[in-house]
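Please read the structure below before turning to the comments.
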Amino acid sequence: MEQRIGSSSQPLEGAGFDPAFIPGLTSPGSGEPEDAKPADTGREESEPEPEPEQAPEPAEEAPGTQDEPSVDGPVFEAADRRARIVADHRGVRLALDDQECEFRWDEIGAVETETPRFGKRFTVTVHTPERRWYYLEIEAASRSRFAEWETALDAVLDAYFEDAEDTADAEDAKGTEDA
């Protein structure tokens, strides 16, 4: 009786072993052997190819400077090693590590601050009219910064944030003046 040495099974073929088994999964080969010379284009090798002409690119401006007038108003800015909060004439911007979100003043329903009884984390929460909220915690160097941050944020909110009640009161006052 004869016995074979090694495996009696045949090698498997298929996509699990050869991605080229499925047409379209890999780019088709050129059909030329690897050691073949490229086709002669009719040019001598010493003649350089003409480069396409490119228009000079305009100098880029710094982000945020385009069509934005300079506004002299209060600005609130607080940051620690990971988080950053900026509130100015454009709205409120929250950033944590590489994630950022920006809210215009017309997208904000309320802005809430919270200071813990113990600890050094100052929390700012932005509420939207769609009943969603976004909060960010800033770690302060000392608890004495909380009062400074509260005052600066209140100044920005008083200058730019129009509460629905304030808008209604202004419209009522305007209506009584016209009458």
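Since every read-out is calculated from the coordinates, none of them should be taken as a lab result. Given the structure is predicted, the values throughout are model-derived calculations rather than measurements. Neighbour counts run over all protein chains shown; Cβ positions are idealised from the backbone, glycine included.
What FRET efficiency, computed as 1/(1 + (r/R0)^6) with R0 = 30 Å and r the Cβ-Cβ distance, is obtained for GLU100 and ALA147, rounded to the nearest 0.05?
E(calc), rounded to 0.05, equals 0.65.
Test of understanding: what is the full-extension gain from ASP88 to ARG121, defined as 0.36 nm times their sequence separation minus their Cα-Cα distance?
On the way: separation 33, 0.36 × 33 = 11.88 nm, distance 2.16 nm.
Stretched out fully, the ASP88 to ARG121 stretch lengthens by 9.7 nm.
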